Every structure is written in C-alpha cells, then in structure tokens.
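These notes are about the structure you will find just below.
The values are calculated or read from the model by the stated rules, or taken from the named source; none is laboratory data. Everything numeric in this text was worked out from a predicted model, so none of it was measured. All Cβ positions, glycine included, derive from the backbone under ideal geometry; neighbour counts span all protein chains shown. Just so you know, the surface numbers come from the protein's heavy atoms only, side chains and all, with ligands and any DNA or RNA stripped out. Shrake-Rupley method; radii C 1.70, N 1.55, O 1.52, S 1.80 Å.
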Amino acid sequence: MTSAVADAHVEVKQDLKGNPGPILLLGAPGVGKGTQAKELAAKWGIPQISTGDLLRYNRDHGTPLGLKAKEIMAAGKLVPDDLVNQMVAERLKQPDTAQGYILDGYPRTLGQAAWLDQHIGAEAGVLPVIAVSIQVGYNELLRRITGRRICPVCGTIYNIYLQPPKVDEKCDLDGTPLVRRSDDTEEVFKERMRTYESQTAPVVEHYRALGRFEEVDGSQPVSAVAAGVEGAVERLRNSEQKQQNRVQG
Ligand SMILES: [Zn+2]
C-alpha cells in the first residue's frame, strides 16, 4: 500500500496549483488547522472556508441564515447542523470555489459529514473530497494552549513552554507583562477535547474508512506540517487519478 502510493507520487505528479479540489483539514482543537489552511489556500490560490468566518459573515451582513443563527445563539443554544450546512452550501456556490477550497473546522459532526458527501458527490465533474487530519498528542496540545501568553500592547504571542520570552512573562519587544486569555485554561481545553472526542473524532474515522484520507504529524514546525499536508494532498489526488485511469483503460 505504502509503496504503491509512493510510486503514484513519482509517476503522475500533478500541479496542485491549478485544481486541488475540495480539501478537508481535520484535527483536534489547537493542532494548527487554521494556520495550515491559510498558508495552503494562499499557495494554491483557493479560498479557506471556516464555519466561524461563515457564521460571522452571515450574522454581520444580516442574511436570513445569519438572523436565524443569531436568534439561536442569543438563546444560548448551538447552531444546528442544518443551518451550518446551508451556510456552507451558499458559500460553495461562489465562483472562487471552482478549482477547490479548504474547509477548516467543518464537518464537525457526522451529520455534517454525511451532508457534505452528498452535496459534493451530486455535482458532476467535481473532484471528490479528500481529508487530511493533523495529529498532535494530548499533552503537547495542552502545553500549546495553557502555555500561550499574549502581549496586551503589541499582540505578540508567546508560549512559556515552546516559545518563551527572554525575560519571564515579559514581552521581548516592549517589556509589557504578558497576559493569558481567559479561555486558555486546562478546564476549557479539556471541555473542548471532550466535545471533539464525542462529535468530531468520528468524522475523522468516517473519512479514514472512505480511504481518501491521510494523517500528518502536527508536532513538527509549521513549515514541515505544511509540507506534510501538501504531500498528502498530492498523493491522494494522484492515487485517485490512477484509479480513474485504471477504470477508463
Ligand atoms: Zn509587546
């Protein structure tokens, strides 16, 4: 399996910049999906689509979907899958998604994944969805989040374990005492991980079972993770093309 995939990589290396197709970036909170999505979207010239941005956009522009979401959130409830799916559907109608896009933080539930599979599978000539999961160990994620400190003056972000300032708890640039965001605590992290394990981990297994899936080690430096994701996307697209050629030939 591994060697066949590696061969495909060498034989029919295609240029992702032209048409990378729909890509899902999956992973637990804090693995760096947003950072990777931004970097790769810029590199490939396709949009990065996050449900957080979609919610904000619809709310700020007072769209019918946004108004509905606002009402639900005001009542302290979670925006239901159906409403999120409709926002994604609207976004995917935009012409800038024609050559592909990176979905970051979506699908978050199996219900959303089932909807997405159907929605994208229904369109002729569109490349199938491929999924890349960024893997980072629990303790590493905990350190990334609980170690995060921000300079309230210049906004520089530090991590007391991974990227400490030269002087303890003080900004290198202006000497201001660093602050910790109120939700960068172990309690909040644990709660988010519980939600991830119960709702989103099954989404990862869903795409693993479909086979259009790879995992990337997210504990490496950002650029190495980006290279890993890029390699995974190339292999997945190439093995897909190889399969198509086999069917056609
Ligand atoms: Zn500063």
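With bins 10 Å wide beginning at 0, the percent of Cα pairs of segment 87-229 falling in each bin runs 10, 29, 30, 21, 9, 1.
List the equivalent ellipsoid semi-axes of the chain in whole Å, largest first, each obtained as the square root of 5λ for an eigenvalue λ of the Cα gyration tensor.
Rounded to whole Å, the semi-axes are 33, 25, 17.
With θ taken as phi - 60° and the Karplus curve 6.51 cos²θ - 1.76 cosθ + 1.60 applied, the whole-hertz 3J(HN,Hα) list for segment 177-189 is x, 6, 10, 10, 5, 4, 9, 8, 10, 4, 4, 5, 4 Hz, x standing for glycine and proline. Taking amide H atoms as placed 1.01 Å from N in the peptide plane, the amide H of GLY100 lies under 5 Å from those of GLY21, each 5 or more residues away in sequence or on another chain.
Name the shape class, rounded, prolate or oblate, that the alpha-carbon gyration tensor gives for segment 66-140, where a ≥ b ≥ c are the square roots of its eigenvalues, rounded holds for a/c under 1.5, and otherwise prolate holds if a/b is larger than b/c and oblate otherwise.
Oblate.
Lys-Lys pairs in segment 35-123 that are eight or more residues apart or on separate chains and whose Cα atoms lie under 24 Å of each other come to 5. Helical runs (DSSP H, four residues minimum) scored at -39500 (n - 2.57) apiece and divided by the length of the chain put the mean residue ellipticity at 222 nm at -15500 deg cm²/dmol.
Springs between Cα atoms under 10 Å define the GNM used for the chain, and in it the highest mean-square fluctuation of LEU24, LEU78, LEU67 occurs at LEU78. Working note: Karplus 6.51/-1.76/1.60 with θ = phi - 60° gives segment 90-95 the couplings 4, 5, 6, 7, 5, x Hz, where Gly and Pro are set to x.
Note down, for segment 150-249, the three equivalent ellipsoid semi-axes (square root of 5 times each alpha carbon gyration tensor eigenvalue), biggest first, whole angstrom.
The equivalent ellipsoid of segment 150-249 has semi-axes of 41, 20, 9 Å.
Note: relative contact order over segment 85-159, using C-alpha pairs below 8 Å and six or more positions apart, is 15 percent. Name the residues of segment 197-216 whose amide N is less than 15 Å from a point 7 angstrom out from the Cα of GLU140 along the C-beta direction? Only 215-216 fall inside the zone, counting backbone N under 15 Å.
Close amide H contacts of ASN159 (hydrogens built in the peptide plane, cut-off under 5 Å, sequence separation of 5 or more or a different chain): ARG149. Across segment 60-68, computed HN-Hα scalar couplings (Karplus, 6.51 cos²θ - 1.76 cosθ + 1.60, θ = phi - 60°) run 5, 8, x, 5, x, 5, x, 5, 4 Hz from first to last residue, x flagging Gly and Pro. For segment 163-223, with all protein chains in place and a probe radius of 1.4 Å, 50% of the accessible heavy-atom surface sits on carbon or sulfur.
Using Cα pairs under 8 angstrom and six or more residues apart, how large is the relative contact order of the chain, in percent?
Numbers: 331 pairs, mean separation 68.3, N = 249.
Value for the chain: 27 percent.
For the pair LYS242 and ASP53, the difference between a 0.36 nm per residue extended length and the Cα-Cα distance amounts to 64.5 nm. Taking every DSSP bridge with both residues inside the chain, close to 25 percent are antiparallel. Sparse packing (at most 14 other Cβ atoms within 10 Å of the Cβ) combined with a DSSP loop state is found for the following trypsin sites (Lys or Arg not before Pro) in segment 39-79: LYS77.
The packing ranking, built from the mean of other Cβ atoms within 10 Å per residue, places the peptides 159-167, 112-120 in the order 112-120, 159-167, highest first. Close amide-amide hydrogen proximity is noted between ASP172 and LYS166, each under 5 Å apart and 5 or more residues distant or on a separate chain (H modeled in the peptide plane; Pro and chain starts excluded). Computed about the Cα centre, the dipole magnitude for the chain is approximately 240 debye when only Lys and Arg (+1) and Asp and Glu (-1) carry charge, each at its Cβ.
Peptides 213-226, 27-40 ranked from most to least packed, by the mean per-residue count of other Cβ atoms within 10 Å: 27-40, 213-226. Each Lys and Arg adds +1 at its Cβ and each Asp and Glu adds -1 at its Cβ; summed about the Cα centre, segment 196-249 shows a dipole of about 360 debye. Which listed residue (GLN163, TYR138, SER219) has the Cα farthest towards the positive end of the charge dipole for the chain, taking +1 on Lys and Arg C-beta and -1 on Asp and Glu C-beta about the Cα centre? Farthest along the dipole direction, towards plus: GLN163.
For segment 19-78, carbon and sulfur atoms together expose 56% of the accessible surface, with a 1.4 angstrom probe and every protein chain in place. Other residues with beta-carbon under 11 Å from the beta-carbon of CYS154 carry, at +1 per Lys or Arg and -1 per Asp or Glu, a net charge of -2.
With Cβ to Cβ distances under 9 Å as the rule, what net charge do the other residues near ALA232 carry (K, R +1; D, E -1)?
So the surrounding residues net to -3.
Using the 1.4 Å probe convention, the accessible area of segment 37-178 works out to 54 Å² per residue with neighbouring protein chains retained. A Gaussian network model of the chain, with springs between Cα atoms under 10 Å, assigns the largest mean-square fluctuation among MET193, MET87, MET73 to MET73.
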